[in-house]
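Here, each number is a calculation from the coordinates, and none is a lab measurement. All of these numbers come straight from a predicted model, not from anything done at the bench. Positions of Cβ are backbone-derived with ideal geometry, glycine not excepted, and every protein chain shown enters the neighbour counts.
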Amino acid sequence: MSKVNWEILAFLRFILASVVMIGHLSEGRDLGFLKVFTYLGSFEAILGFLVISGFSIGRSIIRNQENYFKRRIFRIYPVYFASILLGLLTNNCSIHINIQFFVTLLPNLFFLNNIVATISDCHFFFNTPAWTLNVEVWMYCLAPFLLKLKKNTLFFFILASFFCFLIYESGRSLFHWPYYFGTKYGINLVLFAFIWLAGFCLAIFPESYQENKRIIIFLFAGYLLLNIGKQIIFRLKHHSISELVHTDIVFFLGNIICLALVYFILLYSFKATTLKPFTKRVFNLLGNLSYPLYLTHCTTFGFLAINYHFNNPYLLIIGAMIVSFLIYVTFDFYSRKRALS
């Protein structure tokens, strides 16, 4: 897998960010046709983000290990800082600049949200979607160390992490353990390392392409089987088995389509024909917008809905896209420089 079609992967990132955005938009709103995107699954889109992240970091670090951390800081931090600033500026709750403010702010700035930070309804700058970014940043920090490990050691870490994830995912149903946004002690690093590492191994062990493919299939299939199995048990327990056919099967198919899309684009996009220059530019732009869109859409929705009573999903999406574009052209120096190079 010597060639990578980054433009197609960029467009995939935009699709996944849009799935997450529309998933959040669906809460309490009639989406009409847009409801189709909710079937794909926000959580499945997050898994797609993480495997692509692992793959891209793997390719980046084996290509150039110099200034690795500097490149990551310039890639992540300006847009992330802008998302925090946007949350502060649009916060409808009163914010008092005191010790508690900085106690809450500092963990956000250093990606420690799921370790020491507490969740507060008035702290919009505690960016809800950013819990996945925390996992990515921690994996970025570990990447130089992971690069030195043998393939079988990394495969062991993948399976161990996936086992922990399956246990926790089951515990969320059996014991009502909190969703991953609300976890503590940094356990998300353990729970989601498997999918990031799967993409990382795909990048750094190109000679094991077939083996890496089977691992990703195993992870996706294992997750889907657990998810479907939990829902079947839930329906049986509540004597609503007919809902499996009338309601659940659509979501099952959507989740499968989402992960299959990620799998085939990640593993086979290099076989696609070369895109035309205009299409490349569009796909790259959309891919670059996916990061600020992912981080700021909740803040934008809240601000427009509360202050201007926007409830039309299309207007809210347009607003989120405009905000994302403005943040991209103002703060995303890394992506704009790379796009021009």
Check: Roughly speaking, what is the centre-to-centre gap between the stretch 12-72 and the stretch 285-341 when only Cα atoms are used, to the nearest Å?
Finding: 14
Check: Which far-off residues, 5 or more places away or on another chain, put their amide H under 5 Å from the one on W177, with H placed in the peptide plane?
Finding: R172
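Sort 61-70, 193-202, 155-164 by the packing proxy (mean of other Cβ within 10 Å over each peptide's residues), most packed first. Present the calculation step by step, with values, prior to reporting the outcome.
Numbers: 61-70: 11.5, 193-202: 26.6, 155-164: 17.0.
Highest-to-lowest ranking by the protection proxy: 193-202, 155-164, 61-70.
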Check: Taking K230 as the anchor, which lysines have their alpha carbon closer than 29 Å to its alpha carbon, excluding any fewer than eight residues away along the same chain?
Finding: K35, K184, K213
Check: Taking N as the number of residues in the stretch 189-305, what value does Rg over Cα atoms divided by 2.2 N^0.38 Å take?
Finding: 1.40
Check: Using θ = phi - 60° and the Karplus form 6.51 cos²θ - 1.76 cosθ + 1.60, what ³J(HN,Hα) does each residue of the stretch 261-271 get, whole Hz, x for Gly and Pro?
Finding: 4, 4, 4, 5, 5, 5, 8, 10, 5, 5, 8
Check: How big is the chain in terms of Cα radius of gyration and Dmax, in angstroms?
Finding: 20.0, 60
Check: How high is the relative contact order of the chain, in percent, with contacts defined as C-alpha pairs under 8 Å that are six or more residues apart?
Finding: 33
Notebook entry, point to check: What do the square roots of 5 times the Cα gyration tensor eigenvalues come to for the stretch 298-341, in whole Å, largest first, as semi-axes of the equivalent ellipsoid?
Noted result: 28, 9, 6
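How much net charge surrounds S208 when only other residues with a Cβ under 12 Å from its Cβ are counted (Lys, Arg +1; Asp, Glu -1)?
On the way: positive: K150, K151, K213, R214; negative: E207, E211.
Neighbour charge sum, excluding S208 itself: +2.
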